[in-house]
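Here the structure is laid out as structure tokens; the discussion comes afterwards.
The values are calculated or read from the model by the stated rules, or taken from the named source; none is laboratory data. Every value quoted in this text rests on a predicted model; they were computed, and no experiment measured them. Quick reminder, even Gly has a Cβ in these numbers, built from the backbone with ideal geometry, and neighbours come from all protein chains shown. All accessible areas refer to the heavy atoms of the entire protein, side chains included, with ligands and DNA or RNA removed. Shrake-Rupley method; radii C 1.70, N 1.55, O 1.52, S 1.80 Å.
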Amino acid sequence: MKICMIPVCYNAHDDALRLLDSVDRALKIYSGFTLDVILADNSTIPSNIDISSRRYGYAIHWLKNNNVGYFPAFNNALARLQVESYDFVIVCNVDLVIAENFFLILAKHPLARETGLIAPSILSEKNGRDLNPKIIHRPSARKMKFMRMICSSATLFTWYQKLASIREQSRARSQKRRYLSFSSAERIQNKPMYGAHGSFMVFTRHYFAMGAHVFYPRFLFGEEVFVAEQLRIHGLKIEHVPGLRVFDKEHASTSQIRLDFIRAEHKKSYEYLYGQFYAK
């Protein structure tokens, strides 16, 4: 088995180091594979860590980018690889850590030919809920146009963000109640979804072999819908694997960005996704 992991860092070098350390610990639990890590660094401040001085059990390459955005940095890293040679390609934020048995669970998981993407459990440090499934059903064209309109107004966007935060808190409480009422067997069942959370995505070899790609030309946001559409177009599916656990601090990088910039990037993403996948 061969895996490439591409964490994308923006001014969060301490978080990146913590993630890389967790990867090293997981490798000590199960090391029966080849692991390459490319740290795609979009930072605008100098790094306060020296990756070259770290002694990891895997090959690591530091790739310095301009601040090009999440998937553009991912693609810069992929351009240096023979992607078809990997069984799994992982893209992730750096404000998280992986469980010590992560690679062991991934190696033992039977992979269906139609599985293009694996969605792990991304457990929120804020409230303990699993951020997957991110999107259950495909958004309608009406919903995409509505969100584009919301993102056109600073006032509407601010209110929508507040409502979304309240909704997320409610979902966390509801998920916790459901979890406590489920049996162990029910907890490990696959959850159907349209889109997996973008902070940690595990692409399988089938994704690229079937012609699906990750050339998403937006700075940030909307990656979940873009990947979901690639899967839909190429007859592939997402598989939720709750035993694959990732622990997420949630948005350490985006919290450093001005709200107006975030709103503008959301709007650009909705415009692109609508034009590519809905307006035709």
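Selection of segment 231-251 for residues being part of a helix (DSSP H, G or I) and open to solvent by 10 Å² or more (accessible area, probe 1.4 Å) yields Arg232, Ile233.
On inspection, Asn66 qualifies as farther than 29 Å from His240 by Cβ and free of Cβ contacts under 8 Å to residues at least 60 places away in the same chain.
Across segment 75-126, the qualifying residues are those that are surrounded by 15 or more Cβ atoms within 10 Å (Cβ to Cβ) and among the polar types (S, T, N, Q), and the one among them that is farthest from Val214 (Cα to Cα) is Asn101. Checking each residue in segment 39-62 for being open to solvent by 10 Å² or more (accessible area, probe 1.4 Å) and either out of contact with any helix residue (DSSP H, G or I) (no Cβ under 8 Å at 6 or more places or on another chain) or part of a strand (DSSP E or B) (or both) picks out Thr44, Ile45, Pro46, Asp50, Ser52, Ser53, Arg55, Ala59, Ile60, His61, Trp62.
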